[in-house]
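One structure is given here, and the rest of the page talks about it.
Nothing in this text is a laboratory measurement; each read-out follows from the coordinates by a stated rule. All values reported here derive from a predicted model rather than from experimental measurement. Cβ sites come from the backbone with ideal geometry, for glycine too, and all protein chains shown count toward neighbours.
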Amino acid sequence: QVQLVESGGGLVKAGGSLRLSCVASGSTRSMGWFRQAPGREREFVATISWSGDHTFYSDSVKGRFTIARDNYKNTVYLQMNSLKPEDTAVYYCAAARGLNFGLTTPGDFEAWGQGTQVTVSS
């Protein structure tokens, strides 16, 4: 099973930006980013197809976040702009279980990183 390692989290003021990275130990299929705030369920943020040609976002981040990938580096990115306090959470990258694109449920992903904390202050 592929291993995933996230980085790039931190503390930022509202309106600021962060870029998260997720390095995989091997090639992956569709990839996704999820987040989990204290006391809340893990929620879908964004997903990208293997080729990078197709992306899909949750309504809460659409227009502010951008997912991208570099398959030569086995790396997926999440550029987060115009951050809000409600974006505060642990962010996880995940590798999809099958060949389908557009997966948004945690159960559809078979490998997960350890998470990186993003804190947005008001």
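Restricting to DSSP loop positions (anything but H, G, I, E, B) with no more than 13 other Cβ atoms inside 10 Å of their own Cβ, which trypsin sites (Lys or Arg not before Pro) remain in segment 61-111?
Here the sparse-neighbourhood loop sites are LYS62, LYS73.
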_Sites matching trypsin sites (Lys or Arg not before Pro) across segment 2-45 that sit in DSSP coil, with at most 12 neighbouring C-beta atoms within 10 Å_ = ARG40
*Quote the charge dipole size of segment 54-122 about the Cα centre in Debye, to the nearest 20; the model charges only the Cβ of Lys and Arg (+1) and of Asp and Glu (-1).*
160
*Are there GluC sites (Glu not before Pro) in segment 37-93 that DSSP marks as loop and that have at most 16 other Cβ atoms within 10 Å, and which are they?*
GLU41
_Given Cβ point charges of +1 (Lys, Arg) and -1 (Asp, Glu) and nothing else, what value in debye, to the nearest 20, does the dipole of the chain about its Cα centre take?_
200
_segment 1-63 - Rg (one decimal) and Dmax (whole number), Cα, Å_ = 13.2, 37
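Cα convex hull of the chain: how many Å³ per residue?
91
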*Count the DSSP beta bridges whose two residues both fall in the chain, then state the antiparallel fraction as a percent rounded to the nearest 5.*
90
*Using 0.36 nm per residue, how much length does the chain from ASN71 to THR105 gain when fully extended, once their Cα-Cα distance is taken away?*
9.9 nm
_Value of relative contact order over the chain, rounded to a whole percent, pairs C-alpha under 8 Å and six or more apart_ = 36
*Pull up the cross-link candidates among the lysines for LYS13, meaning alpha carbon to alpha carbon under 28 Å and not fewer than 8 places away within one chain.*
LYS62, LYS84
